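Heads up: the structure comes next, in structure tokens.
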Amino acid sequence: MKFSASTVSFLVAIGIVDAFPHLALNELQRRGSIGARSGGSASGVPFPPDPAQVSGYFDPALQYVSNKGAHAFVPPGPGDQRGPCPGLNAMANHNYIPHSGVGSITDFITGTYKVFGMGLDLGGFLAVYGAAIDGDLTSWSIGGPTTLVGLGGTGLIGSHNKYEADVSPTRPDLYEYGNNYQVNWDQWKALYNKQAGVPDDQVNYNLAVLQEFRSERFQQSITQNPYFFNGPFSGVAVQPAAYTFIYRFMGNKSAEHPDGVLNRETLKAFFGVTENADGSFSGGTGHEYIPDNWYKRAIGDEYTIPFFLLDLVYEATVYPQFLDIGGNTGKPNTFTPVNITDLTNGVYNTKTLLQGNNLFCFAYQTVQNTLPDIITGIIGSLTNALAKYAPDASKAIATLNCPQLAGINEAQFEKFPGYTKGGNAI
Ligand code: HEM
Ligand SMILES: *[C@@H]1O[C@H](CO)[C@@H](O)[C@H](O)[C@H]1NC(C)=O
Ligand SMILES: *[C@@H]1O[C@H](CO)[C@@H](O)[C@H](O)[C@H]1NC(C)=O
């Protein structure tokens, strides 16, 4: 395929042309072919190219991530927190964030940048939101509550609908299974088998593969989970991140594949999964590790908020159903979408949601408007907290020029038991 003019202007917009000044724009346009391992899609719509692939940039010395010495794998001990996020669990197991699984905002921003090449804007936003919603406003737990965090911080595990979401790749839906962080082996096998029969040297759990898997998981939640709730933040922003992060972050970058290839061995390593001789699986949550000789995203090609936004739009374009905010009404197969116009008092509708930066804006403004009073009483607003603790996130979000949302009409959600059960949390 050829990159469209809008893709090229996107690369300019996210600063990739500044990051790789040796690349002229026409060169970006010329190198448009995406190989079988790194593009394509069952639906025929190619997913957004990784700027590193376009630029061909790879530096093994800068991108190698050590799993030795001070960063050797140490499994969690008694009291150490691990939870629904395999990326954070692996970082804690290798001491890139505190081994306790409790870190400060800075620990998370620095750690995700250093190990995975997460943009400081995206890391900043995720870390500050974690501190506000799951922690004591400065630190939080990647697992459950612990005495290391005050203010009754719930940790990621206790943040269902606020942070933790239904339709996760390998973690089960909370109200269907009673837990939201242990690997569910049926889900794991479904993911793993997405490349069944593909020769080892051609396997790639790329964005197209993962989105197809996400659409199957979405359908499963509709048909199996009476309490399925697809919320405006958890469903529109966190659920897709749980899929895009697998490929964008876990893929092994190399000179041949600067955009990364995610093969079976690397996928198993980051999910902590061991494949036994009889073909069964063990390990999972808490066992996550960084494989030997693994290379992260290119320097200057961090996965930023604008890059994530581009993936969000791609996914919702291929599978418009992902934008159905709503849930089941107490029985399987009763999924009822809410009216976005009514939900947002006319600021957004189903069509405009896909335009410009609206998808991220909508998710961001929802959390901004629904933060519990006890938190806004202390930090003022999420915008204030970001300005103070995560200036990169603050700047990136300001650049999006989001339309003003005065509030959302939460009464629309009262008919969904998956929303009311959790104390009306989004
Ligand atoms: C401060 C940064 C981060 C925060 C706050 C965070 C938070 C979370 C949360 C709340 C979930 C649960 C979502 C759900 O219920 O589906 C999750 C899942 C996930 N996270 Fe993270 N995360 C962060 C960084 C990362 C990084 C760097 C990676 C890199 C690989 C990553 C990979 C994933 C994956 C793959 C899942 C889905 C797990 C599954 O269900 O199979 N995350 N994360
Ligand atoms: C990553 O790719 C490089 C280059 O192909 C290879 O040497 C290395 O073993 C790979 N690492 C993993 C974890 O697959
Ligand atoms: C949503 O509600 C608005 C009025 O509040 C109406 O004009 C619109 O047709 C509704 N949309 C759908 C998809 O039902």
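The values are calculated or read from the model by the stated rules, or taken from the named source; none is laboratory data. None of the values given here were measured: they were computed from a predicted structure. So basically every Cβ, Gly included, is an ideal-geometry build from the backbone, and we count neighbours across all protein chains shown. Heads up: the accessible areas ignore ligands, DNA and RNA and are worked out on the full protein's heavy atoms, side chains in. Shrake-Rupley method; radii C 1.70, N 1.55, O 1.52, S 1.80 Å.
Over the range 296-393, the fraction of Cα-Cα pairs per 10 Å bin, rounded to whole percents and listed from the shortest bin up, is 12, 33, 34, 18, 2. For the chain, the solvent-accessible area works out to 38 Å² per residue, with a probe of 1.4 Å and every protein chain left in place. The portion of the accessible surface of the chain made up by carbon and sulfur, rounded to a whole percent, is 54 (1.4 Å probe; DNA, RNA and ligands excluded). The Rg/Rh ratio for the range 136-202 is 1.16, where Rg is the radius of gyration of the alpha carbons and Rh is the Kirkwood radius. The residue 66 and residue 329 beta-carbon pair, evaluated with R₀ = 45 Å, returns a calculated FRET efficiency of approximately 0.35. Sequence-distant contacts, meaning Cα pairs under 8 Å at least 6 residues apart, place the relative contact order of the range 87-205 at 14 percent.
Please work out whether the range 232-322 counts as rounded, prolate or oblate from its C-alpha gyration tensor, where a ≥ b ≥ c are the square roots of the eigenvalues and a/c under 1.5 means rounded, while otherwise a/b larger than b/c means prolate and anything else oblate? Since a/c reaches 1.5 but b/c is at least a/b, the shape of the range 232-322 is classed as oblate. The listed residues 265, 275, 288 rank as 265, 275, 288 when sorted by accessible area, largest first, using a 1.4 Å probe.
Both radii are taken from the alpha-carbon atoms of the range 145-299; with Rh as the Kirkwood radius, Rg/Rh is 0.98. With N the number of residues in the chain, Rg(Cα) / (2.2 N^0.38 Å) evaluates to 0.93. Take the Cβ atoms of residue 292 and residue 147, set R0 to 35 Å, and the FRET efficiency comes out at 0.45.
Got a sec? Which residues in the range 249-283 would a label at residue 177 touch, if it sits 7 Å along Cα→Cβ and we count backbone N under 18 Å? Counting backbone N atoms under 18 Å from the label point, the list is 268-275, 280-283.
A simple charge model with +1 on the Cβ of Lys and Arg, -1 on the Cβ of Asp and Glu and nothing else charged puts the dipole of the chain at about 260 debye relative to its Cα centre.
For the chain, modelled as a GNM whose springs connect Cα atoms under 10 angstrom apart, the maximal fluctuation among 168, 280, 139 occurs at 280.
Full extension of the chain between residue 276 and residue 299 gives 4.7 nm of extra length, using 0.36 nm per residue less the Cα-Cα distance. Would you kindly give the portion of the calculated P(r) for the range 336-426 that falls above 24 Å, as a percent of all Cα pairs? Pairs farther apart than 24 Å: 26 percent.
At the residue level, residue 331 shows approximately 140 square angstrom of accessible surface with a 1.4 angstrom probe and all protein chains present.
In the structure shown, the pairs 268/421; 162/351; 194/415 are assessed against 31 Å; a Cα-Cα span above that value is assigned to 268/421; 194/415.
Does the range 55-150 come out rounded, prolate or oblate by the C-alpha gyration tensor, with a ≥ b ≥ c the root eigenvalues, rounded set by a/c under 1.5 and, if not, prolate when a/b is larger than b/c and oblate if not? Since a/c reaches 1.5 but b/c is at least a/b, the shape of the range 55-150 is classed as oblate. The mean sequence distance of close C-alpha pairs (under 8 Å, at least 6 residues apart), as a share of the length of the chain, puts its relative contact order at 19 percent.
Put simply, the amide H of residue 252, placed in the peptide plane, has neighbours under 5 Å in 261, 262, 263, leaving out anything fewer than 5 places away on its chain. The mean sequence separation of alpha-carbon pairs under 8 Å and at least six residues apart, normalised by the residue count of the range 184-267, gives a relative contact order of 34 percent. What the Cβ-Cβ distance of residue 404 and residue 317 gives, at R0 = 30 Å and to the nearest 0.05, is a FRET efficiency of 0.70. Size descriptor for the range 336-377, Kirkwood hydrodynamic radius: 11.3 Å (Cα pairs only, one decimal).
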